[in-house]
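The values are calculated or read from the model by the stated rules, or taken from the named source; none is laboratory data. Remember, it's a predicted structure, so these values are computed and weren't measured experimentally. Cβ coordinates were reconstructed from backbone atoms using ideal geometry, including for glycine residues, and neighbour counts include every protein chain displayed.
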Amino acid sequence: MPIIPSMEELLKAGVHFGHRVSRWHPNMKPFIHSTRHGVHVIDLEKTSQELEKALAYITQTVSRGGNVLFLGTKAHMKGFVKTAAELCGMPHVTDRWLGGTITNFSEIHKLIKRLKDLKRRKQAGDLRKYTKREQLEFDREIEDLESKIGGIAMLDAPPTVLVVFDVRNETTGIREANRVGMPIVGICDTNVNPNVVTHPVPANDDAVKAIELMTRLVAEAVLEGKKNVEAPKKIAPKRKVAIK
């Protein structure tokens with residue numbers, strides 16, 4: 001599991017800054033330390049505790065062969081989310097959540113297969129036999145599919161865990177995951193309901209340094225899990241008993 005940042009590191013990243021008191025969600029009360037100038041301050045001891053549990057869960061999930069879907073579509077975080085996901089070889093959604101990504105994965109997988117097939121045929125030169133106009137249409141289709149599902153094209157089955165970096169903004173993805181009982185790790189600022197995710201981590205979801213820190217830690221947890229992937233247990237062959 002990644003080394004949990006010190007209190008000083010969390011402070012420097014601005015993880016403790018919440019929202020104005022008027023915007024708070026009552027269910028975040030256990031994670032709030034105090035109020036300063038009308039703004040809630042997150043209890044970093046609680047952040048450290050919940051972060052440690054969430055990262056340990058991610059590492060354990062990956063070590064057992066599971067995968068993690070990174071979700072963060074806000075402009076200030078999408079670059080960090082994509083970079084972290086690609087660093088650890090996990091799928092990501094950073095533009096727009098495509099309805100049914102979890103609840104109707106069979107249809108999403110058809111799009112994934114279509115994208116892979118078009119890219120394979122283009123690389124092999126099979127599309128050159130078509131007219132320039134038809135080739136242009138294929139290119140546009142590839143571009144459209146890349147924008148919609150490019151980040152999850154590696155998936156052959158629904159993800160094991162959903163990691164959400166802005167719980168308030170990603171309601172559709174969270175709703176789908178909850179509908180099928182998929183565990184969710186969520187970065188929860190003071191204006192969200194932490195009860196909609198399985199593993200809430202109280203933290204600022206607006207500060208760039210805070211998002212950079214959280215995405216990096218999740219990627220490190222995944223990589224740690226990959227190092228410790230549990231080998232399938234070998235079943236010893238049954239010994240034949242001679243019958244006298």
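Is it true that some residue in segment 219-241 is at pLDDT below 95, of a type in the set (Val, Ile, Thr), surrounded by 10 or more Cβ atoms within 10 Å (Cβ to Cβ) and out of contact with any strand residue (DSSP E or B) (no Cβ under 6 Å at 6 or more places or on another chain)?
yes
From 168, 140, 179, 133, which residue is in the same structural domain as residue 78 (by TED's automatic domain parsing) and over 22 Å from residue 205 (Cα atoms)?
Working: 168 fails: over 22 Å from residue 205 (Cα atoms); 140 fails: in the same structural domain as residue 78 (by TED's automatic domain parsing); 133 fails: in the same structural domain as residue 78 (by TED's automatic domain parsing).
Only one candidate qualifies: 179.
Being out of contact with any strand residue (DSSP E or B) (no Cβ under 9 Å at 6 or more places or on another chain) and within 20 Å of residue 205 (Cα to Cα) is the requirement here; does residue 70 meet it? Full working, then the answer.
On the way: out of contact with any strand residue (DSSP E or B) (no Cβ under 9 Å at 6 or more places or on another chain): no; within 20 Å of residue 205 (Cα to Cα): yes.
It is false that residue 70 is out of contact with any strand residue (DSSP E or B) (no Cβ under 9 Å at 6 or more places or on another chain) and within 20 Å of residue 205 (Cα to Cα).
Mind listing just one residue for me: the one in segment 51-108 that is touching a Pro at 6+ places or on another chain (Cβ under 7 Å) and assigned to a loop (DSSP other than H, G, I, E, B) and, of those, surrounded by the most Cβ atoms within 10 Å (Cβ to Cβ)?
Here the answer is 102.
Go through segment 43-55 residue by residue and tally those that are under 18 Å from residue 197 (Cα atoms) and touching a residue at least 60 places away in the same chain (Cβ under 8 Å).
Result for segment 43-55: 7.
For residue 74, state whether it is under 16 Å from the mean Cα position of the chain (by Cα), of a type in the set (D, E, K, R) and over 24 Å from residue 4 (Cβ atoms).
Numbers: under 16 Å from the mean Cα position of the chain (by Cα): yes; of a type in the set (D, E, K, R): yes; over 24 Å from residue 4 (Cβ atoms): yes.
Against the criterion (under 16 Å from the mean Cα position of the chain (by Cα), of a type in the set (D, E, K, R) and over 24 Å from residue 4 (Cβ atoms)), residue 74 qualifies.
Among the residues of segment 36-48, which ones are surrounded by 15 or more Cβ atoms within 10 Å (Cβ to Cβ) and either farther than 17 Å from residue 214 by Cβ or not hydrophobic (A, V, I, L, M, F, W, C) (or both)? Steps first, answer last, please.
To start, the set of residues in segment 36-48 that are surrounded by 15 or more Cβ atoms within 10 Å (Cβ to Cβ) comprises 39-44, 46-48.
If the condition is that a residue be surrounded by 15 or more Cβ atoms within 10 Å (Cβ to Cβ) and either farther than 17 Å from residue 214 by Cβ or not hydrophobic (A, V, I, L, M, F, W, C) (or both), then 39, 40, 41, 43, 46, 47, 48 are the ones that fit.
Could you pull out the residue among 89, 125 that is on the phi > 0 side of the Ramachandran plot and at pLDDT 95 or above? It would help to see each step written out before you state the result.
On the way: 125 fails: at pLDDT 95 or above.
Matching residue, one of 89, 125: 89.
Go through 33, 25 for me and flag whichever is surrounded by fewer than 17 Cβ atoms within 10 Å (Cβ to Cβ) and not basic (Lys, Arg).
Numbers: 25 fails: surrounded by fewer than 17 Cβ atoms within 10 Å (Cβ to Cβ).
Checking each option against the conditions leaves just 33.
Residues of segment 23-42 being assigned to a helix (DSSP H, G or I) and touching a residue at least 12 places away in the same chain (Cβ under 8 Å), which ones?
Within segment 23-42, 23, 27, 28, 30, 31 meet the criteria.
Just to be sure, is residue 9 closer than 27 Å to residue 223 by Cβ, in contact (Cβ under 8 Å) with a residue 12 or more places away in the chain, surrounded by 15 or more Cβ atoms within 10 Å (Cβ to Cβ) and of a type in the set (D, E, K, R)?
The answer is no for residue 9.
For segment 188-209, does any single residue satisfy the condition of being among the basic types (Lys, Arg), closer than 30 Å to residue 5 by Cβ and in contact with a Gly (Cβ under 7 Å, 6 or more places away or on another chain)?
yes
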